[in-house]
1. What residues qualify as long-range amide H neighbours of Ala27, i.e. H under 5 Å apart, gap of 5 or more or another chain, H built at 1.01 Å from N?
2. Can you work out the base-10 log of I(q)/I(0) for the range 25-78 at q = 0.14 1/Å, using the Debye formula on its C-alpha atoms alone?
3. Restricting to Cα pairs below 8 Å that are 6+ residues apart, what does the relative contact order work out to for the range 43-89? Please round to a whole percent.
4. For the range 39-50, take each phi angle, set θ = phi - 60°, evaluate the Karplus expression 6.51 cos²θ - 1.76 cosθ + 1.60, and give the result in whole Hz per residue in order, putting x for glycine and proline.
5. If you count, for each residue, the other Cβ atoms within 10 Å and average over each peptide, how do 24-30, 53-59 line up from highest to lowest?
6. May I ask you to derive the relative contact order of the range 61-129, considering only C-alpha pairs under 8 Å and at least 6 residues apart, and to give it as an integer percent?
7. Measure off, as a whole percent, the carbon and sulfur share of the 1.4 Å-probe accessible area of the range 45-125, all protein chains present.
8. Tell me, what HN-Hα J-couplings in whole Hz come from the Karplus equation 6.51 cos²θ - 1.76 cosθ + 1.60 at θ = phi - 60° for each residue of the range 113-122, using x for Gly and Pro?
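The values are calculated or read from the model by the stated rules, or taken from the named source; none is laboratory data. Owing to the predicted nature of the structure, the values given are computational and were not obtained by experimental measurement. As a convention, Cβ positions derive from the backbone with ideal geometry for all residues, glycine included, and neighbour counts pool all protein chains shown. Accessible surface is based on the protein model in full, side chains and every heavy atom, while ligands, DNA and RNA are left aside. Shrake-Rupley method; radii C 1.70, N 1.55, O 1.52, S 1.80 Å.
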Amino acid sequence: MIIYHDRLASDTNSAAGTADGPTIEDARYSTEGLSGQSASFRIDAPTGEWVATPTPLMPDPAITYTAFGATSDNTSSTSHVSFQADDAGKLKPGKVLVQRYDESRQVTVDAVVPLQEFLHEAQDRKNCQ
C-alpha cells in the first residue's frame with residue numbers, strides 16, 4: 001500500500017525524499033504471504049509482518065492523504081481513498097472508511113461501513129473495474 005498527497009507549493013522534501021512531481025509519496029507498506037480477502041493494520045504503528053518504508057506515516061492535520069494498495073504482481077488492487085488525520089477518530093475495529101458518490105448532491109462523501117459490508121461490496125461485480 002502507498003500513501004501519498006498532492007504536492008503543495010510549500011513542499012520541498014517528504015519522508016520519501018524530494019518532491020519531484022504532482023504528488024509526494026509519504027509511506028509505502030508491504031508484507032509477505034498475505035492470504036484471504038482483506039488485511040488491515042495501523043498506518044502509524046504497523047505490526048506483525050507489515051513494514052513501513054521509510055517510516056510509518058504520522059499524518060499532518062493540514063494534509064489530505066490518499067491511500068492505494070495493490071498486490072506485488074498487480075493482479076488485484078484497491079480503490080483510492082482519501083483521508084485526513086482527524087478521520088482516524090471515525091474508525092473503530094471492524095469499520096472501514098470508504099468514499100462514495102452522492103448522486104443527489106453530485107459530490108463524493110465519506111462513509112464508515114462495517115467490514116462485512118465492505119467485503120460484500122468488494123465481491124459485487126458492479127464494483128469491479
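1. Counting only residues 5 or more places away or on other chains, the set is Ile3.
2. -0.40
3. Relative contact order of the range 43-89: 32 percent.
4. Along the range 39-50, the couplings run 8, 8, 6, 7, 6, 8, 7, x, 10, x, 8, 6 Hz.
5. Taking the mean over residues of other Cβ atoms within 10 Å, the ranking is 24-30, 53-59.
6. Computed over the range 61-129, the figure is 21 percent.
7. 53
8. My calculation for the range 113-122 gives 10, x, 3, 5, 5, 4, 5, 5, 5, 5 Hz in order.
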